[in-house]
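S.K.: Sending over a structure as structure tokens; questions will come in a sec.
No lab work stands behind these numbers, since they all come straight from the coordinates. Bear in mind that the values here come from a model prediction, so they are computed numbers and not experimental data. Here the Cβ is made from the backbone with ideal geometry for all residues, glycine too, and neighbour counts use every protein chain on show.
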Amino acid sequence: MAARAAVTPRSPGGGHAPGRRSPFAVSVAALRRDADHRASVVCSAAIGGLAITGSAVPDGSDVSVEVVVELVHGGVLVSGAVTAPWEGACRRCLGPARGVVRSKVRELFEENGDPEVVYPLGRDTLDLEPLVRDAVLLDLPLAPLCRPACAGLCPVCGANRNDTACTCEPVEQSRGPWSALDMLRDDQSR
Ligand SMILES: [Zn+2]
Ligand SMILES: [Zn+2]
């Protein structure tokens, strides 16, 4: 990858202090000089605040980026993959759940483009961080499972059926897949 120039991060959600170089900055100037007008970019760094209701990228964990950047008419096309570890609470048993987010990305960075539609392209650099942030947030699991076959909690007594067998009568499943969790919440709020 070409030498990186200083860049002012644009991510509104925080992460890097203003004036600090983004670890996801890519030199557009080098791309313009390159005969093929394209380059492979592999980089990784921690990004703060990657969390949704059901899961989050643990603080300090690296988000990895493997993309090809190419000069195209109107801007720079970025395509490839973003990978990050996540942790959360299992929606069935409330135990720890973890996994890896793998997001495919293909986005255009444009100078003077509508920031609602495209990512901003600086004169000499572009910062992949807003793209990386959006891709991870979009693909973090909302309602994760600790394992596909998690047996969950007993809706009657609350026992973790992964660990123990209880003798409760089975209840009908008409209340949907999260009924056990809902009933547990009812119990706790009494
Ligand atoms: Zn579970
Ligand atoms: Zn039970």
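S.K.: If neighbour count is taken as other Cβ atoms inside 10 Å, put E110, E129, E169 in order from fewest to most.
M.R.: So the ranking, lowest neighbour count to highest, is E169, E110, E129.
S.K.: With only alpha-carbon atoms counted, please give the Rg and Dmax of region 69-149, in Å.
M.R.: 16.5, 51
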